[in-house]
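What follows is one structure encoded as structure tokens, with my remarks underneath.
Where a number appears in this text, it was derived from the coordinates with a stated rule and is not lab data. Quick caveat: nothing in here was measured; it's all calculated off a predicted structure. Cβ sites come from the backbone with ideal geometry, for glycine too, and all protein chains shown count toward neighbours.
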Amino acid sequence: MLTYQKLNKANYDEVLKIKHRLFPESNSDDDYIKYFNGEVKSNYYLILKEDQPCAIIGWYDFDNKNNDAFVGWFGVLPEYQRLGIGKDALLYIMDEVRSLKYNYLRVYTDKIVNPVSIILYDKLFDLREDYSNPDKIGQTNNFVVYTKFLSNERERWNNTPLNEDENYDF
């Protein structure tokens, strides 16, 4: 059984420990600080399997328009992968974002670094687009953006800038 704990001061260190283990190339812990300060509309979770921390997931409003929500800091520790935790977590977030009346849930990932995620996203999302914006992320030619349609709207991402360059060491 999985338990979803909203990010809070009590579980913050555990969330960071998992995030740093899963995303060592990222230097952006300030997403969580923005969450605590109410600077961005978002929710983040620590996922527990039988009371053991095993994964993290969240979502954030991309442009404060209640249209595009993006999956943020999603990952399952290697020793807990292939147990259905990732699928359950994404479905949980999809339901939450849909209930908040967003039109889209999107996620971007590196298709070379995250082949396991690609398999899962291909199954659960409706649309996959290569990301080739001329920013640093797009220049790698490795990133893709997935979209889950949560309403009757069907807008593609179309290489809109992700504005995440400063969060990654290339």
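Fully extended, how many nm does the chain gain between Q5 and L124 (0.36 nm per residue separation, minus their Cα-Cα distance)?
Full extension of this stretch gives 40.6 nm more.
Under a GNM of the chain (C-alpha, springs under 10 Å), which listed residue has the highest mean-square fluctuation: G86, G75, G138?
Of the options given, G138 has the highest mean-square fluctuation.
In 5 Å bins starting at 0, how do the alpha-carbon pair distances of segment 2-156 split up by percent?
Per 5 Å bin, starting at 0, the Cα pair percentages come out as 2, 9, 18, 22, 23, 17, 8, 2, 0.
Could you pull out the GluC sites (Glu not before Pro) across segment 92-170 that fall in loop regions by DSSP (anything but H, G, I, E, B) with no more than 10 other Cβ atoms inside 10 Å?
E153
Could you size up the charge dipole of the chain around its Cα centre, putting +1 on the beta carbon of Lys and Arg and -1 on that of Asp and Glu, and report it in debye to the nearest 20?
500 debye
Just V116, V107, V97 to compare: in a GNM of the chain, with alpha carbon springs under 10 Å, which one fluctuates most?
V116
Any idea which of F149, N27, N114 is furthest toward the positive side of the dipole for segment 2-156, if Lys and Arg beta-carbons carry +1 and Asp and Glu beta-carbons -1?
Value: F149.
Where is the GNM fluctuation largest for the chain (alpha-carbon springs, 10 angstrom cutoff): N114, N37, N64?
The residue with the greatest mean-square fluctuation here is N37.
What does the charge add up to near V145, with Lys and Arg as +1, Asp and Glu as -1, over the other residues with Cβ less than 10 Å from its Cβ?
With Lys, Arg at +1 and Asp, Glu at -1, the net is +1.
Treat the count of other C-beta atoms within 10 Å as a stand-in for reagent exposure and order M1, M94 from fewest to most.
M1, M94
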